[in-house]
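Worksheet: the structure to be examined is printed underneath.
Throughout, read-outs are computed from the coordinates displayed, never taken from laboratory work. What you see is a predicted model, and the numbers here were worked out from it, not measured in a lab. Because the Cβ atoms are built from the backbone with ideal geometry, glycine has one as well, and the counts that use them run over all protein chains shown.
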Amino acid sequence: MNDVATPIVTRDPEAPIMVRPTGDLVLEARQLDFFYGKSQSLYGVDLPIERNKITALIGPSGCGKSTLLRTLNKIYDLYPGQNATGRILLDGKDLLTDRASVGRLKARDGDVALEPANLDTSALRARIGMVFQKPTPFPMSIYDNVAFGVRLYFKKSKAEMDQIVERSLRRAALWDEVKDKLNSSGLGLSGGQQQRLCVARGIAVEPEVLLLDEPASALDPVSTAKLEETLMELRDDFSIVIVTHNLQQAARISDYTGFMFLGRMIEFRPTAELFERPQSTRTRDYVTGRFG
Amino acid sequence: MTATMMDSDTAPPRETAPGQSELSETIFRGLCFGAATLLLAALAGVVISLAIGGWPAFKQFGFGFFTSSAWDPVQENYGAAGPIVGTIVTSVLALIIALPLATGVSVFLVEFCPRNIAKPIAVAVELLAGIPSIVYGMWGLFVLAPWFAIHVQLPLMTDSANLPSWLSALVAGIPNGANIFTASLILAIMILPYMSAVFRELLLTIPAQVREAAYGLGSTNFEVVSKVMIPYVRRGAVGVVMLGLGRALGETMAVTFIIGNSHGFPHSLFDSGSTIASTIANEFAEATSDMHTAALIALGLVLFILTFAVLAVARLLLASEKH
Amino acid sequence: MDRALRRKITNSVFIGLCGAATLVALAFLVMILWSLVAKGFGGLDAKIFTMTQPAPGSPGGLLNGILGSIMMCVLGMVLAVIVGILAGTWLAEYGGKTAYGQVVRFLNDVLLSAPSILVGLFVYEILVKPFHGFSGYAGGVALGLLAVPIVTRTTEDMLTLQPNTLREAGMALGAGRGFVIRSIIWKAAGAGLFTGGLLGFARISGETAPLLFTSLGNQFVNLKMSQPMGSLPTTIFQFALSAYDDWQRLAWVGALLIAVAVLAVNIVGRLVARETHRP
């Protein structure tokens with residue numbers, strides 16, 4: 001344990017080692033606590049997301065990285081008994097205490113699952129997009145899948161919508177593969193294609209931040225590579241937060257990485273630094289494969 | 001230049017987002033809730049209307065309604081004992097006949113049948129379950145009853161001198177094949193496919209490891225099935241039995257054709273009788289008076305309570321098995 | 001005899017008994033289908049579908065019963081599908097886990113297994129007695145009441161099968177709960193919901209008892225649902241118990257028609273179910 005190659009900084013053991021990004025932050029969580037009913041799963045987490053960068057969240061199972069992700073777009077408050085305290089700033093506006101977020105937000109006890117509060121929160125949610133672990137194409141055509149979100153908010157002419165669909169599919173690196181079969185069902189695509197369809201669907205409404213929860217874990221290596229390539233290109237237009245258990249993936253594609261453990265942010269730094277010179281022993285143990 | 005979807009400072013224009021409005025959400029939820037409540041109301045309605053409709057009979061005859069086997073429209077004297085006894089006897093008898101058969105079928109399909117014909121056979125048995133009861137009734141009346149009269153009843157009657165007296169008393173009856181026993185037989189054939197289908201599903205929930213462990217110890221099929229598998233799903237098995245019983249209790253058309261429709265207690269296994277359902281089916285449309293109608297509806301309430309109790313227990317047992 | 005041999009013999013007997021039971025069950029199926037075909041097929045001719053039921057001794061068919069059955073089954077299914085899908089949706093998506101939801105689910109199961117003749121009595125009390133007349137509407141409502149618990153149950157089961165991420169994905173884009181259900185979840189469960197409808201239809205197309213005191217029967221072809229309507233099952237009931245040979249023959253034809261219809265619906269349902277289980 002006593003590897004003195006890197007000096008261990010003496011500090012409050014609870015405080016994370018954070019190197020805040022220098023650029024403009026599009027989204028920031030401050031001192032976020034999260035509760036499933038009575039049990040707490042996030043403890044005072046800070047997470048700064050720099051604009052047009054890819055931020056990765058890594059950590060062993062159960063560390064809270066997926067919970068943190070789901071807290072960011074407030075999908076949690078569609079389940080009764082889950083809530084968060086702290087601040088989540090989207091362009092300066094606090095999602096948690098904003099007028100639109102309080103009041104009829106909480107799901108009623110006894111609700112089976114989900115219950116959106118009102119249009120403002122829905123709109124907020126559209127500014128933060130989400131792609132899930134398992135590809136979830138809607139049971140409709142590829143075209144309708146991509147157009148779904150847009151149609152919630154806008155009445156577009158056919159020509160305009162065609163343009164939007166094409167642009168989203170191009171950005172998701174799926175256009176060439178599906179341009180001749182836009183009307184066929186989204187369920188007919190391969191796993192990797194379905195996931196890129198979900199990405200296209202998510203970015204069609206042009207969110208400011210795109211959250212991805214282990215998006216490649218259900219995909220084969222070739223599809224994974226394609227997806228990673230796509231994400232790196234999307235960086236120009238979107239800010240991306242990705243949860244992954246694949247350390248190489250995080251090292252490959254992200255600009256910043258946050259390592260979490262037992263519900264706490266342990267270390268948050270530019271990716272290269274975190275992997276090459278981790279300052280916390282825990283981080284070092286994890287990235288060198290000693291546990292997790 | 002395409003405008004960005006969302007301005008960072010202002011919420012997007014609230015144009016007609018389909019189904020997005022608070023109002024449409026509330027309306028939809030309300031409709032769904034209303035439908036669910038309608039279901040509740042329908043069932044409540046059934047119970048209430050039976051209770052109200054049958055009340056005059058209960059008031060008039062009191063508890064004696066359940067013990068009297070009189071059924072005299074002329075004297076306006078009604079007693080439910082005959083149909084009640086008939087209902088219970090035929091259902092229990094049907095169960096006794098169907099249970100071993102259903103067990104045999106389901107065990108065979110799960111344990112012994114070669115895989116490739118197991119599915120078609122299972123489907124065939126389920127098709128049997130889908131045949132409407134009136135078809136069973138026709139078959140019972142025109143095929144089973146005559147056959148039974150000729151091949152079972154007549155030989156027993158002509159031979160009655162040689163039979164022990166308890167047996168000849170048991171099988172006394174008009175040899176027309178329309179009696180308690182044949183009705184039970186038809187009922188048994190009706191509930192057999194249903195019970196075997198549910199029981200088969202139950203057996204399929206047993207984890208493979210349990211079966212393999214038992215076989216691994218060198219047990220024979222019989223031992224594995226009787227000592228391990230069936231006890232494993234014991235509670236559900238009782239539930240299946242009660243489900244079968246519940247269905248038999250309420251069955252109308254198949255029984256009406258072949259039970260002989262006489263009021264009063266059946267005197268032997270081969271005597272004609274009646275069930276609650278067959279009595280109502282036969283007499284309701286031409287009930288001679290209000291009290292007659294009320295008596296019939298009161299019978300209906302008794303049947304409902306019987307089936308409700310049996311089915312409630314069955315569901316409980318099956319539900320607790322699913323954990 | 002030693003133990004091992006005894007066990008072996010017991011086992012063989014057991015297997016034999018189980019096989020015999022299966023043969024018995026199959027034998028019944030064959031016997032019943034055989035009777036239907038033998039006694040009913042011969043009577044099938046164009047008259048069945050073009051003429052109304054005859055007086056004994058005259059030529060005739062089953063047109064009144066066939067039309068009446070179709071009309072009342074359709075009415076029943078329309079009612080059952082509307083109420084059943086909405087109720088099943090409520091159970092699966094909104095209140096299914098509350099105490100009230102448990103009660104609704106339980107009572108739905110009770111209605112599912114309730115003797116159909118009692119449902120007929122209920123509809124008599126609310127739709128026949130107050131209006132002083134039997135009617136096709138009453139018959140259709142009775143049938144609907146019998147089918148609705150099947151549709152409800154199947155809907156709830158099929159909707160619950162849909163993964164939650166599908167709902168989350170829709171709502172992550174900002175869609176409302178009901179909108180997600182209607183535009184995504186219902187579509188995803190589509191085949192299953194259709195099967196529920198088929199199952200309900202299969203059940204009610206053969207029902208006789210509830211029609212006895214709701215639609216009563218009508219020897220003439222009647223398309224007015226406010227009047228008593230004939231139906232195949234009630235016609236069969238009347239004809240089978242009569243003393244006339246030709247009436248009894250017609251009853252067998254009717255029985256064959258119903259059995260064929262029910263079997264066809266069952267088979268279609270299975271095919272649809274199998275199609276959708278292809279990943």
Checklist entry - Under the classification rounded if a/c is under 1.5, otherwise prolate if a/b is larger than b/c and oblate if not, where does segment B:102-161 fall, given a ≥ b ≥ c as square roots of the Cα gyration tensor eigenvalues? => result oblate
Checklist entry - Which ³J(HN,Hα) values, rounded to whole Hz and listed in residue order, are derived for segment C:35-48 from phi using the Karplus coefficients 6.51, -1.76 and 1.60 in 6.51 cos²θ - 1.76 cosθ + 1.60 with θ = phi - 60°, glycine and proline given as x? => result 4, 4, 5, 4, 8, x, 5, x, x, 6, 8, 4, 4, 3
Checklist entry - In Å, what is the Rg of the alpha-carbon atoms in chain C, and how long is Dmax? => result 23.4, 77
Checklist entry - In what sequence, highest mean first, do B:69-81, C:154-166 appear when ranked by Cβ atoms within 10 angstrom? => result C:154-166, B:69-81
Checklist entry - Nearest 0.05, what FRET efficiency do residue B:176 and residue B:312 give at R0 = 41 Å with Cβ-Cβ as r? => result 0.60
Checklist entry - For chain B, which DSSP H helices look membrane-span-like by this rule: Cα extent along the axis of 30 Å or more and mean Kyte-Doolittle of at least 1.0? => result B:22-61, B:81-107, B:180-204, B:290-321
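Using r as the Cβ-Cβ distance of residue A:155 and residue C:272, and R0 as 41 Å, what FRET efficiency do you calculate, to the nearest 0.05?
Details: r = 36 Å, r/R0 = 0.88.
Efficiency, from the Cβ-Cβ distance: 0.70.
Quick one: if you take sqrt(5λ) for each eigenvalue of the C-alpha gyration tensor of the protein assembly as shown, what semi-axes come out, biggest first, whole angstrom? The partial results should precede the final answer.
Working: eigenvalues 825, 207, 125 Å².
Result for the protein assembly as shown: semi-axes of 64, 32, 25 Å.
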Checklist entry - For peptide B:94-105, how many partner chain Cβ atoms fall within 10 Å of a residue's Cβ, on average? => result 3
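Averaged over C:82-88, how many beta carbons belonging to a partner chain fall within 10 Å of each residue's beta carbon?
On the way: counts 2, 6, 2, 2, 9, 10, 4.
If you average over the peptide's residues, the count of other-chain Cβ atoms is 5.
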Checklist entry - Once segment C:2-43 is represented by equal point scatterers at the alpha-carbon sites, with solvent omitted, what log10 I(q)/I(0) does the Debye formula produce at q = 0.17, 0.33 Å⁻¹? => result -0.59, -0.96
Checklist entry - Under 16 Å from the 7 Å Cα→Cβ point of residue A:285, by amide nitrogen: which residues of segment A:62-95? => result A:62-63
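Does segment C:1-112 come out rounded, prolate or oblate, given a ≥ b ≥ c as the square roots of the eigenvalues of its C-alpha gyration tensor, rounded meaning a/c under 1.5 and, failing that, prolate meaning a/b above b/c? It would help to have the intermediate numbers written out before the result.
On the way: a/c = 4.91, a/b = 1.16, b/c = 4.23.
Oblate, because a/c is 1.5 or more while a/b does not exceed b/c.
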Checklist entry - Each residue of segment B:258-263 in order: what ³J(HN,Hα) in whole Hz does its phi give by Karplus 6.51 cos²θ - 1.76 cosθ + 1.60, θ = phi - 60°, with x for Gly and Pro? => result 10, 9, x, 6, 10, 7
Item to check | Gyration tensor (alpha-carbon) shape descriptor, chain B, a/c threshold 1.5 | outcome: oblate
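For residue C:20 and residue C:82 in one chain, what is 0.36 nm times their gap in residues minus the Cα-Cα distance, to one decimal in nm?
The residue C:20-residue C:82 span can extend by a further 17.9 nm.
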Checklist outcome for this item: One finds, for residue B:215 and residue B:319 with R0 = 45 angstrom and r their Cβ-Cβ distance, a FRET efficiency to the nearest 0.05 of 0.95
Item to check | Residues of segment A:55-95 with amide N under 20 Å of the 7 Å Cα→Cβ point at residue A:30 | outcome: A:68-69, A:71-74, A:84-95
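How high is the relative contact order of segment C:100-234, given as a whole-number percent (alpha carbon pairs under 8 Å, six or more residues apart)?
Details: 157 pairs, mean separation 48.8, N = 135.
Rounded, it is 36 percent for segment C:100-234.
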Checklist entry - What is segment B:58-322's relative contact order, in percent, from Cα pairs under 8 angstrom and six or more apart in sequence? => result 29
Next on the checklist: Amide H of residue A:263 versus every other amide H placed in the peptide plane: which residues, excluding those fewer than 5 positions away on the same chain, fall under 5 Å?
Outcome noted: A:64
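Considering only DSSP beta bridges whose two residues both sit in the protein assembly as shown, what percent are antiparallel, to the nearest 5? Walk me through the numbers on the way to the answer.
Numbers: 27 of 47 bridges.
In the protein assembly as shown, approximately 55 percent of DSSP beta bridges are antiparallel ones.
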Item to check | Residues with amide H under 5 Å from that of residue A:257, placed H, sequence gap 5 or more | outcome: A:56, A:269, A:271
Item to check | Karplus (6.51, -1.76, 1.60) ³J(HN,Hα), θ = phi - 60°, over segment A:193-208, in Hz, Gly and Pro reported as x | outcome: 5, 4, 5, 5, 5, 5, 5, 4, 4, x, 8, 4, 8, 6, x, 7
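Just in segment B:226-323: which trypsin sites (Lys or Arg not before Pro) are loop by DSSP and have at most 12 other Cβ atoms within 10 Å?
Details: sites: B:227, B:234, B:235, B:247, B:315, B:322; in loops: B:322.
When the trypsin sites (Lys or Arg not before Pro) of segment B:226-323 are filtered for loop state and at most 12 Cβ neighbours within 10 Å, B:322 remain.
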Next on the checklist: Given the DSSP H assignment, sum -39500 (n - 2.57) over each helix run of at least 4 residues in chain C and divide by its residue total; what's the result at 222 nm in deg cm²/dmol, nearest 500?
Outcome noted: -23000 deg cm²/dmol
Checklist outcome for this item: Rh_Kirkwood(segment C:70-111) over Cα pairs, Å, one decimal, evaluates to 11.1
Checklist entry - Can you list residues whose amide H is under 5 Å from residue A:141's amide H, if they're 5+ apart or on another chain and H is modeled 1.01 Å from N? => result A:186
